[in-house]
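Please read the structure below before turning to the comments.
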Number of protein chains: 2
Amino acid sequence: MIANTISPPYYAVIFTSILNSEHEGYQNLAVEMEELAKGQPGFLGIESARSEVGISVSYWDSLEAIKNWKNNTLHLEAQEKGKTLWYKSYKVRIAKVEKDYSSSL
Amino acid sequence: MIANTISPPYYAVIFTSILNSEHEGYQNLAVEMEELAKGQPGFLGIESARSEVGISVSYWDSLEAIKNWKNNTLHLEAQEKGKTLWYKSYKVRIAKVEKDYSSSL
């Protein structure tokens, strides 16, 4: 689904990753983390897709909300699993959304 | 591939879309537009994936570069086709990347 966010400015975390060929357990935990993110203060929405790369963009109302989510205990454990077991490579970008426009959603 | 961009700040265009069930011709033109984007001034990289939604994030060195690409003649024609033929819905977000970090890429 396309995230129905607030009016800019707000923040986006663009997370791009390539999985190892072996990544048992990844999908379940990814879904679990999306559900957990949705309950965090300042969370606005999330969009995810995976082809050769996986792209997950989560939207937040402040940098503080992003920091809190990054340091959430269960999320920290998941990040560690990702780094050691599942991700061949990844990149995280923190960006301020300055403008948006859409078709009628 | 994960885009190997410059050090922040730089800009991201986050384009999220849902296709109509009929979208003949879409994939070819999407590939063509990616190739065309790569040749534009200020282009830094692009990441694309599609599951339920398609997410394409392109990276640019300035807002002016984004504006020029938006108004590129061939790109304008493609945008029009997208709106009238292929996209059930879409959203475009222009964001300033303030920070990034990655695993060893």
Subset of the stretch B:7-34, residues among the polar types (S, T, N, Q) and within 10 Å of chain A (Cβ to nearest Cβ), comes to B:T16, B:S17
Looking for something open to solvent by 30 Å² or more (accessible area, probe 1.4 Å), among the β-branched types (V, I, T), touching a Lys or Arg at 6+ places or on another chain (Cβ under 6 Å) and closer than 25 Å to A:V13 by Cβ - is there at least one such residue anywhere in the stretch B:15-23? yes
Reported set for the stretch B:49-65 where residues are open to solvent by less than 70 Å² (accessible area, probe 1.4 Å) and either of a type outside the set (A, V, I, L, M) or at pLDDT below 95 (or both) is B:S51, B:G54, B:S56, B:S58, B:Y59, B:W60, B:S62
Within the stretch B:91-105, the residues that are at pLDDT 95 or above, touching a Ser or Thr at 6+ places or on another chain (Cβ under 9 Å) and open to solvent by less than 30 Å² (accessible area, probe 1.4 Å) are B:K91, B:V92, B:R93, B:V97
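The values are calculated or read from the model by the stated rules, or taken from the named source; none is laboratory data. Source: prediction; values computed, not measured. Here the Cβ is made from the backbone with ideal geometry for all residues, glycine too, and neighbour counts use every protein chain on show. Ligands, DNA and RNA are stripped out before the accessible areas are found, and what is left, the full protein with its side chains, is counted by its heavy atoms. Shrake-Rupley method; radii C 1.70, N 1.55, O 1.52, S 1.80 Å.
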